[in-house]
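S.K.: Dropping a structure here in structure tokens format, bear with me for questions.
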Amino acid sequence: MLHPQQHTTAFIKEGTLMPMLRSFKLFISSLGFLALLYACSTTQVTPTVEQDPAVVGIDTAVHFFTPAGEDVVVLPGAYEVYAEKGGLRLIAEEGTSAETLLIEATPTDHKQTVDHPMAVTLTNKKNNQVIILLLPNGKGWETWGSRSGVHSRAAKRPHVPEAEVTRQLNIKNQRRALQTQLILSSASVTYKGSRRPYNGSKSKHTWQLPINDTIGSGTFTFAWAGFWEKSARQPSLIPNKITAIQEIVKKKHCCIKLMIDGKETPLHRVSFGKGGTLRTRVKLTKARAKTWPKTIKLTLIKGKNRWESPTTKIYADTISYYTSVLHPIFSHERCTTCHMLGDRQAIVAMHEDRLGAGNYPDVEEAKPHNPEFCGSCHNIPSGSSHTSMDLQNEWFSPDHVQGINWKGWSPSRVCQKVTGPFTDKNGNVGSAVDLTHHFHDDPRILWAVSSGWVPFNRPDLAVPLKNKLHRWFSKVDPWVAAGAPCPSKSKFFQRARRTVPGKFFPRR
């Protein structure tokens with residue numbers, strides 16, 4: 001009888017167990033190899049670096065067509081550009097995902113070498129704006145817009161020279177490869193009479209600074225810091241730690257140049273700011289929102305030392321003068337009391353409140369702008385001492401057919417109405433009102449803004465600027481001189497404005 005160990009040895013020798021052991025080892029090895037493959041395909045995969053999207057800068061308002069043929073206006077700013085079925089998708093870089101627009105574009109070919117999508121833009125002699133999206137496979141998309149707003153979908157588009165595309169692409173690549181020493185770290189503007197500065201903000205590729213659409217004069221402060229290299233714990237230089245830069249600041253305007261739109265701008269003040277930044281302050285007099293974007297560049301030279309920043313483009317984040325200064329007056333009760341009388345029922349209710357129910361006759365003659373019927377009340381009584389304003393035959397609310405019942409309207413809607421074509425009491429649409437004459441000479445406006453006087457020895461009504469017509473003129477005149485700009489619902493995209501006779505005023 002064999003011992004158990006001898007039995008096992010004999011069993012192995014006979015060749016019964018050896019094949020089983022080999023199979024088991026092969027099975028374990030296979031499991032290990034599969035586990036290694038799984039690990040490589042999941043946790044140890046090499047991450048890919050996501051490229052920045054194609055970005056294009058629009059420096060002035062440009063009209064484009066949507067795929068449906070609708071005329072839209074793209075306002076100045078930086079936009080990410082994506083190819084999409086039907087055209088090019090523009091996404092406002094400083095906005096939100098809701099600030100997006102699809103514009104009509106056509107497929108094209110190119111001979112450029114790009115490893116990721118890139119967008120270029122150029123303008124021809126006919127004031128057309130062209131945006132071209134270049135894809136790595138030699139394909140691309142091309143769209144044409146118009147700065148003047150005069151364009152046609154049926155117009156034949158000329159071929160954009162490949163050399164011009166190459167030039168624009170080289171300019172873009174050179175800016176990306178530029179080795180910078182100083183970089184814009186903050187920007188702000190202070191307007192006369194404002195209690196605080198308006199601070200700019202930086203997005204991925206561009207700067208935006210709040211700029212007034214009416215006031216052109218302001219004090220602008222730009223702060224500069226050393227360029228931060230990737231993974232660095234501190235900037236490449238701190239301006240107030242450099243002896244040569246300290247000497248430049250002591251001598252103030254020596255050896256330092258601030259270029260705005262390629263022209264040297266006199267510096268008002270140079271100092272060091274928070275974090276050792278270099279602060280440069282300038283005063284600009286012609287800097288309304290419509291004059292932006294502007295480019296700025298700083299250069300310091302001291303002996304053999306030279307420091308400079310890249311040319312930085314700053315777009316305007318428009319501040320509406322009308323919304324902040326004038327709309328509180330336009331929406332005051334003295335104005336809306338008359339402007340809310342948009343139909344006969346409202347006029348009857350107004351008189352019943354003052355005369356008692358049933359005392360406003362239900363006859364055709366009892367209507368606005370009828371001095372023969374209403375003159376006994378809507379007039380300055382004879383012998384009145386109130387002679388500062390001629391209210392004879394003018395003491396009437398606007399007729400409802402004029403469509404200026406703006407109580408509760410948004411600032412944009414009221415402004416569009418005030419500056420739009422004028423509708424008379426018969427519903428005829430004419431040209432826009434002479435705003436200077438209207439705001440200076442219309443007795444009803446002067447009464448509502450500064451007087452509030454009422455006849456029959458009743459107390460004066462509350463007005464925005466009591467007995468201060470000079471303040472009213474000082475507020476409204478700069479706005480009129482600037483072209484009476486109105487606020488926009490969006491600072492990126494607008495529907496093109498069209499005047500249709502009889503349908504120009506906002507819907508109720």
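Read-outs: derived from the displayed coordinates by stated rules, not from any lab. Worth saying up front: this structure is predicted, and the values here are computed from it rather than measured. We place every Cβ from the backbone using ideal geometry, glycine too, and count neighbours over all the protein chains shown.
S.K.: Give me the three principal axis extents of the stretch 182-319 from the C-alpha atoms, as integers in angstrom, largest value leading.
M.R.: 43, 35, 29
S.K.: Please report the Cα spread of the stretch 323-495 along all three principal axes, rounded to whole Å, starting with the longest.
M.R.: In descending order, the Cα extents are 53, 33, 26 Å.
S.K.: So between SER201 and ASN170, what do we pick up on full extension, going 0.36 nm a residue minus the alpha carbon distance? Please report the intermediate quantities before stating the final value.
M.R.: On the way: separation 31, 0.36 × 31 = 11.16 nm, distance 2.76 nm.
Taking 0.36 nm per residue and subtracting the Cα distance, the gain is 8.4 nm.
S.K.: For the pair LYS407/ARG344, report the inter-label distance in nm, with labels modelled 7 Å from Cα in the Cβ direction.
M.R.: 2.0
S.K.: Report Rg (one decimal) and Dmax (nearest whole number) for the stretch 53-135, counting Cα atoms only, units Å.
M.R.: Rg and Dmax of the stretch 53-135, Cα atoms, are 12.4, 34 Å.
S.K.: Sticking with the crude label model, points 7 Å out along Cα→Cβ, report the distance from TYR191 to ASN467 in nm, one decimal please.
M.R.: Those two pseudo-labels are separated by 3.0 nm.
S.K.: Continuing with this model, one more query. Lysines near LYS417 by alpha-carbon distance under 30 Å, same-chain residues fewer than 8 away left out - which ones?
M.R.: In chain and number order, the partners are LYS192, LYS286, LYS290, LYS367, LYS407, LYS425, LYS466, LYS468, LYS475, LYS489, LYS491, LYS503.
S.K.: Got a sec? How would VAL433, VAL130 order by Cβ neighbour count within 10 Å, fewest to most? Spell out each step's value before the answer.
M.R.: Details: VAL433 15, VAL130 20.
Sorted ascending by nearby Cβ count, the order is VAL433, VAL130.
S.K.: Within 12 Å, Cβ to Cβ, of ASP213, how many net charges do the neighbouring residues add up to if Lys/Arg are +1 and Asp/Glu are -1?
M.R.: Numbers: positive: ARG288, LYS290, LYS491; negative: ASP317.
Its environment carries a net charge of +2.
S.K.: Here is a follow-up. In nm, give the distance between the simple-model label positions of LYS367 and ALA432, each being 7 Å from the Cα along the Cα-to-Cβ direction.
M.R.: Result: 3.0 nm between the two label points.
S.K.: What is the packing order of peptides 334-341, 438-445, taking the mean over residues of other C-beta atoms within 10 Å and listing the highest first?
M.R.: Top to bottom by mean Cβ count within 10 Å: 334-341, 438-445.
S.K.: A follow-up question, please. Expressed as cubic angstrom per residue, what is the convex hull volume of the alpha carbon set of the stretch 192-263? All intermediate terms of the calculation are to be shown ahead of the outcome.
M.R.: Numbers: hull volume 12.7 nm³, N = 72.
Spread over its residues, the Cα hull of the stretch 192-263 gives 176 Å³ apiece.
S.K.: For a quick check: sort LYS302, LYS85 by the number of other beta carbons within 10 angstrom, fewest at the front.
M.R.: Numbers: LYS302 18, LYS85 7.
Ordered from fewest to most neighbouring Cβ atoms within 10 Å, LYS302, LYS85 come out as LYS85, LYS302.
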